[in-house]
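Next up is a structure, given as structure tokens.
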Amino acid sequence: MNDKRYDANTITADGRLLLKKLERDGVDSVWDRFRAQLPNCGFCEMGLSCRICVMGPCRIDPFGEGPQRGVCGADADIMVARNLGRMIAAGAASHSDHGRDLVEVLGKVAVNAAPGYQLRDVEKLKRVAAEFGIKPDGKQPSQIAAELSDAMAEEYGTRKKELTLIQRAPAKRQEIWRRLGVAPRGIDRETSEMMHRTHMGVDNDWKSLLLHGIRNALSDGWGGSMIATEVSDILFGTPQPGVTRVNAGVLKKDQVNIVVHGHNPVVSEMLLRACQDPDLLKLAKDKGADGINLAGVCCTGNELLMRAGIPMAGNHLTTELVLATGAVDMMVVDYQCIMPSLGTVAACYHTKMVSTSDKARFPGMEHQEFHPENAAAKATALVKDAIANFNRRGEVFIPVEPVECMGGFSVEAILGALGGTPKPLIDAIAAGKIRGAVGIVGCNNPRIQQDYGHVTLTQRLIENDILVVDTGCASVATAKAGFKQSQALEKAGPGLREVCGALGVPPVLHVGSCVDNVRILVLASALANALGADISDLPIAGAAPEWYSEKAATIGVYFVASGVYTVLGPMPPITGSMNIVKLLTEGLNDVVGATFAVEPDPEKAAVLIRTHIEDKRRKLGLPYIQV
Amino acid sequence: MKYVIIGNGVAGIHAAETLRQFDPPGEITMISDEALQPYCRPMISMVLEGSVATEKLPIRPVSFYDDLNITPALGSRVSAVDVDNRTVSVSGKCYPYDRLLIASGADPRRIKADGLGLRNIFFMRTAAHVRQMLAVLPDVRKALVLGGGLVGFKAAYGLVRRGIPVSMLIRSGHPLSMQVDAEAGRMITDELKAHGLDVRVGAEAAAFEGNGRVAAARLFDGTRLSCDMVVIGKGVFPARRFVPKDKIKVDAGIVVDEHMQTSAPGVFAAGDVAESTDIARRTPWVNAIWPEAVAQGRIAGMNMAGHPAAYPGSLSRNVIRIFGLDVMTAGLAAPPEAEGFETLSVTDTRARTYRKLVFRGDRLVGMVLVNSIEQGGVLTALIQSATPVRPPREALLKPGFNFRQLMPA
Amino acid sequence: MKEVIVHPERCVGCMQCMPACAAAHSQSKNLFQASLEIPRPRPRVHVGVGLFNEGFPNRCRHCDPAPCLLACLPGAIARSAERNTVFIDPNRCINCASCAMACPFGVIRYHEDHTAPPGKTVAVKCDNCYERQLAGLIPACVEVCKSGALRFEERSEAMKRKTDEVARTVSVGAAPVELAPGFALLNAMKRKQIDLAR
């Protein structure tokens, strides 16, 4: 059999070996399902199909001869804008709902109604509360938490004029938003209004729809997601740098392996707690296991990695593959990015699949619903179940050794490493030792060889002395490829190597999960404020080389709306309207001082980004080079 | 113009129809030893198997000769062809010709063994053979099939479908060794064994024993196999004994050029008796299969009528459905060890498919498909047209392969 | 005489022709009910992918002479000059797949059909929707194609249009006109992605 068959699917060794095993075991993978879907419908790929009402469904012929308008009269611009608007709404809703669940836990912790949860970073609690106008004034932390939880809940509603946390952005940036009328007012409100605007016969001006799309995205980036990250830090601790390991090799042959998948640390932190319970460790030993090994995939894994150094077994496209190791005794999921195929895959092995959120149920999974009141107890019960499953393993195939990875770079940690202010970083950028910084974010997508986009782009940037910060599946990709180990400095250019070497950090900084993309916004704001500039003046950029999710679309929009030039790998469904393509890739520059670009080849994307960064340096009066 | 056609198999039929199309007033005489309506020879194995009724065998109506104004001379074999005087002799009668087509087909290869005169030992070449087999089947408890080629294989399959235990004696490592490679051969053997076929490799019959009717076969290694029916499927050989070899070049078959003309001007050959150039092998070869007979008959007819159509050469190919397995092959399925051939293959255990492609340079020269054979004709056409295959070749192996991938970008 | 002409560069891969074809060859002629029929009707046009995941509606070309016709053992395949269509007679078909071996386009499929004897698998392919044409309708695949990939037109008209398109591109001073710049942009991006993966 030709062993090179899986090379095109992924650049990773564990991915290729586990794909081969999956085929041998007769299990379909996401790649098989992707192939079966081809050819994709071009109407949908271009954004030219509409299912919003039953006067339709409609499609518009890009060749100009078939129907040019939907039944309602919407032309291509309107159709594409409406579809894009709903994508943004869905993405914003997902991350913001994640934030809402955290706000609820914060409120319950305040009244002692959430056993197992606590306020780990009280200093941060006070700092964030102050931003919401809550004075510490001799209050107990629980009182502050209660007030903060209320204030944050208010952010989700109808009554506010503006979201509180946009004040973290540079003043110039806030003015741009206000002038455009896109300063977000309420987190749920903007999403709800998007659904209203995209109903048939409401907003039929494509520019107006896109402007509200910007507002909706900002309500996520400077609203729901930011709340999620800040409350997670308050409840579970603000991340500090630490070393762990990544890839399928983190699973242990001789220990009970529990993998957490999904997003919200309200679930995964409780499992972490339970895995450290001495009684359960003893139970595991009694069953013949050396211990309990908690590992993560996707964002909830990143949350645990950032705060507790828990290892990561994989990213989006390997969530099915890790089950093929036969070593996962239980996978516990909450919500987002969890493929409904997992129950079917797990059924071919001994893995017990457990869903925990009322909002997210899956075929083939046992439902154990977590609420703030019962989460700690439920977690203990689940770990017991996982231990009981340890002896039911069949063939175990853990084909690789894990790779060392340093993570935990919250803004607080980065500033801490720099000595308390961004000044050393600014100096390094001004001197040209570091040319600039890029946030590489986003998912995997079977359209693209897994991790190729992330790794290639990262390599090209750091070898040209550009600091890379990454989140989500992108951060796991580069970690698997060795960019976060101590030897990674060898891959970097001389300037970056010197600066990161002095600080004792890798050239690629793991900043967290996908809601933690807001940390990049906070860092960019800190740099801009230190320079008295706007974010769009900085020599920075964003990239999502392998994105798939609606959440990523929303993140892309809030990055660009915040002034960060962002390069996407896969093309979003906008080619049905060249007006919209032009606006997003050119026109937005005049509106928000940044644009999107679409470039599937990461080598070329690197050139685009480097050119952009050098151009920003020139405009700031810094030494620049011709790329 | 006087046309004489020796043989009323499918090559002769298509030649006659083409002649009539191109030369309406021409005189056409057809000579054949089979006095039946023209029928489909490959379907006789399906009659044996029971999936097709005998009545479905004819491919032309009884009035075929009348409808096309053809003079039939049926029931006897040609005794001589006089190239100089342009005549054909049959049963004492002499037929003059301006253009002659020899489409006499092929006969089953004989074997050397004692006891061949016993009853219930059959060849499987004609509808009559199968009719005889069916007549004795009710009393048959165990059958023996000699040969794993197309004929032997189909006979064995047909008998197994009828519920008769069969032992198949083959010389090569697996059945259909001329058509498929070892991997597909293994899959076929497994499928048949799962349905009760007994396959013995390297076994040959030396003699048959019995009292009037065959009762056992004795192999060269001394083994004695009891059986009450034997089918000899050791291939076919072109029927050209009547051809004057000093006047018409004969190799294994009658050698023809790209216009189906023999070395004697005005004399053509087509079908199982003809030897043309094999497109994949690039050597003279007899590909005694139905679609070649059809194509060669038509091309011969055109040329005989003065229309210079060229024939690109023959290609061996076969498609067969065996229980839960479908197998399609074309060209060089198992290339020789010689340099210059590149093989790509993939087995998909989930879809239960096997695909193998053989390239010589950038041309496809052979293919084997097991299951999901619907689009095999695209590959066959690629071999026949000798179209250079642009990379990536692996695309031809993927389940999603379809015709579009061969079109220019 | 009008026939179905395929313009591959217009296929967006939406696959609407497939369920429309299947429904047109069902007993009820209605998509929903057709999906419940036994045997389930199947399309005679097959949308596949090209090398860059572009769509392509692969249908019978109704060749003359038809390789499938010549290859057919029981003579189940015949050509009607009047209808410009090659037909397979499901009652004569013996499911030997010789036509699969012969068809250079790979358009024939094998399954049960309500026009065949019950329980019998037969060879099935496009019949130019001749029943619909008799009723004054156009072939089902053409009716649902909204991008102009499948058209029902005179061959000469299609060829003239193509000739004009080509002529325009070679005229002096001609600027290339992209009929659908968005589609071209999308395809360019997809090609890049696929080239990278190779």
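Mind checking the per residue accessible area of region C:60-125 for me, 1.4 Å probe, whole number of Å²?
On a per-residue basis, region C:60-125 sits at 37 Å².
If amide hydrogens are placed 1.01 Å from N in the peptide plane, which non-local residues have theirs closer than 5 Å to the one on B:Phe122?
B:Val230, B:Val231, B:Ile232
What accessible area per residue, rounded to a whole number of Å², is obtained for region B:324-406 using a probe radius of 1.4 Å?
38
Another question about this same structure. Over region B:121-234, what is the percentage of antiparallel beta bridges among all DSSP beta bridges, to the nearest 5?
Of all bridge pairs located within region B:121-234, approximately 40 percent are antiparallel.
Once R0 is set to 51 Å, what does the formula 1/(1 + (r/R0)^6) return for the Cβ-Cβ distance between A:Asn589 and A:Cys348, expressed as a FRET efficiency to the nearest 0.05?
E(calc), rounded to 0.05, equals 0.50.
Any idea how far apart C:Arg191 and A:Glu373 come out in nm if each label point goes 7 Å out from Cα toward Cβ?
The modelled label-to-label distance comes out at 6.2 nm.
State the percentage of accessible surface on region B:4-98 attributable to carbon and sulfur atoms; use a 1.4 Å probe and exclude ligands, DNA and RNA.
50
Oh, and also: Fully extended, how many nm does the chain gain between C:Met1 and C:Ile138 (0.36 nm per residue separation, minus their Cα-Cα distance)?
Result: 48.1 nm gained on full extension.
Computing the accessible area with a 1.4 Å probe over protein heavy atoms, can you report the carbon and sulfur percentage for region B:121-234?
It is 49 percent, rounded to a whole number.
Right, another one. When ligands, DNA and RNA are left out and all protein chains stay put, how many square angstrom of accessible area per residue does region A:418-508 have with a 1.4 Å probe?
28
What's the extension gain from A:Lys582 to A:Glu395 if we count 0.36 nm per residue and subtract their Cα-Cα distance?
61.9 nm
Can you run phi through the Karplus equation (6.51, -1.76, 1.60; θ = phi - 60°) for region B:338-354 and list ³J(HN,Hα) in whole Hz, with x for Gly and Pro?
Once θ is set to phi - 60°, the couplings for region B:338-354 become 4, 5, x, 10, 10, 10, 10, 8, 8, 10, 10, 5, 6, 7, 6, 10, 9 Hz.
Roughly how much accessible area, to the nearest 100 Å², goes out of reach of solvent when B and C pair up, both sides summed, probe 1.4 Å?
2700
Follow-up question, since we're still on this one. Measuring from label point to label point, each 7 Å out along Cα→Cβ, what is the B:Phe242 to A:Arg179 span in nm?
10.2
Now for a separate question. Could you compute how much accessible surface B:Val10 exposes when probed at 1.4 Å, giving the result in Å² to the nearest 10?
Spelled out: B:Val10, probe radius 1.4 Å, area about 10 Å².
On a C-alpha basis, how far is the centre of region A:157-210 from the centre of region B:42-57 in Å? Whole number, if you could?
Cα centroid to Cα centroid, the span is 76 Å.
Next up: If you take the accessible area of A alone, add that of C alone, and subtract the area of the pair, what total do you get in Å², probe 1.4 Å, to the nearest 100?
Protein heavy atoms only, the A-C interface buries about 2600 Å².
I want to make sure I understand the PRE zone here: with the label point 7 angstrom from the Cα of B:Glu342 toward its beta carbon, which residues in region B:357-384 have backbone N atoms less than 12 Å away?
Label zone hits: B:358-364.
How long is the gain from A:Asp286 to A:Gln68 if the chain were fully straight, where each residue apart is worth 0.36 nm and the alpha carbon distance is subtracted?
Gain on extension, A:Asp286 to A:Gln68, equals 71.5 nm.
List the residues of region B:9-36 whose backbone N lies under 15 Å from a point placed 7 Å from the Cα of B:Asp82 along the Cα-to-Cβ direction.
Zone members listed by number: none at all.
Largest first, how would A:His199, A:His454, A:His612, C:His114 line up by accessible area (1.4 Å probe)?
A:His199, C:His114, A:His612, A:His454
Rounded to the nearest 0.05, what FRET efficiency do B:Arg224 and B:Ala128 have when you use their Cβ-Cβ distance and R0 = 25 Å?
0.25
Here's a follow-up. Tally up the carbon and sulfur contribution to the accessible surface of region B:324-406 as a whole percent, 1.4 Å probe, everything protein left in place.
Ligands and nucleic acids excluded, carbon and sulfur give 52 percent.
For n ≥ 4 DSSP H runs only, could you compute -39500 (n - 2.57) per run for the protein assembly as shown, divide by its residues and tell me the 222 nm figure to the nearest 500?
The helix contribution divided over the protein assembly as shown gives -10500 deg cm²/dmol.
³J(HN,Hα) across region A:153-162 via Karplus (A = 6.51, B = -1.76, C = 1.60, θ = phi - 60°), whole Hz, x for Gly/Pro?
Result, ordered by residue: 4, 4, 4, 7, x, 9, 8, 7, 8, 8 Hz.
How big is the antiparallel share of DSSP beta bridges in chain B, given as a percent to the nearest 5?
Once the DSSP bridges in chain B are tallied, antiparallel ones form about 60 percent.
Quickly work out the A:Gln37-to-C:Arg40 label distance, labels modelled 7 Å from Cα along the C-beta direction, and quote it in nm with one decimal.
Between C:Arg40 and A:Gln37, the simple spin-label model gives 2.0 nm.
Can you put B:Arg131, B:Arg363 in order of accessible area, largest first, using a 1.4 Å probe?
From most exposed to least exposed: B:Arg131, B:Arg363.
Next question. Quick query: amide H of B:Arg240 versus all other amide H atoms, modeled in the peptide plane; which residues come in under 5 Å with a sequence gap of 5 or more or a different chain?
Correct list: empty.
For region A:127-132, in order, what is each residue's ³J(HN,Hα) by Karplus, 6.51 cos²θ - 1.76 cosθ + 1.60 with θ = phi - 60°, in whole Hz (x at glycine and Pro)?
Residue by residue, region A:127-132 yields 4, 5, 4, 4, 4, 8 Hz.
What is region C:1-159 by shape, rounded, prolate or oblate, if you read a ≥ b ≥ c off the alpha carbon gyration tensor as root eigenvalues and call it rounded for a/c under 1.5, prolate for a/b larger than b/c, and oblate otherwise?
Because its axes are fairly even, with a/c under 1.5, region C:1-159 counts as rounded.
OK, next. Expressed as a whole number of Å, what is the distance separating the alpha-carbon centroids of region C:153-168 and region C:173-191?
20
Could you give the distance between the Cα centres of region A:1-45 and region A:228-246, to the whole Å?
Using only Cα atoms, the two centres lie 33 Å from each other.
Would you list which lysines come within 24 Å of A:Lys161, measuring only between C-alpha atoms, while excluding same-chain residues fewer than 8 positions from it?
Those lysines meeting the cut-off are A:Lys126, A:Lys135, A:Lys172, A:Lys207.
Considering only the protein assembly as shown, what is the antiparallel percent among its DSSP beta bridges, to the nearest 5?
In the protein assembly as shown, DSSP labels about 50 percent of beta bridges as antiparallel.
Give me the net charge for the shell around A:Val243: Cβ to Cβ below 11 angstrom, other residues only, Lys and Arg +1, Asp and Glu -1.
Local charge sum for A:Val243: +1.
Taking a label point 7 Å from the Cα of A:Met195 along the Cα→Cβ vector, which residues of region A:366-404 have an amide N closer than 15 Å to it?
In region A:366-404, the label zone of A:Met195 (backbone N under 15 Å from the point 7 Å along Cα→Cβ) covers no residue.
Excluding same-chain pairs closer than 8 in sequence, count the lysine pairs in chain C whose Cα atoms lie under 20 Å apart.
So the count of such lysine pairs works out to 6.
Out of A:Gln368, A:Ile414, A:Asn389, whose Cα points farthest toward the positive end of the dipole of region A:366-426 (charges: +1 Lys, Arg; -1 Asp, Glu; placed on Cβ)?
A:Ile414
Still on this structure: To the nearest 10 Å², what's B:Glu342's accessible area with a 1.4 Å probe?
Its heavy atoms expose roughly 90 Å² to the probe.
The values are calculated or read from the model by the stated rules, or taken from the named source; none is laboratory data. From a predicted model like this one, the values you see are computed outputs, not experimental measurements. Quick reminder, even Gly has a Cβ in these numbers, built from the backbone with ideal geometry, and neighbours come from all protein chains shown. With ligands, DNA and RNA removed, areas are computed over all heavy atoms of the protein, side chains included. Shrake-Rupley method; radii C 1.70, N 1.55, O 1.52, S 1.80 Å.
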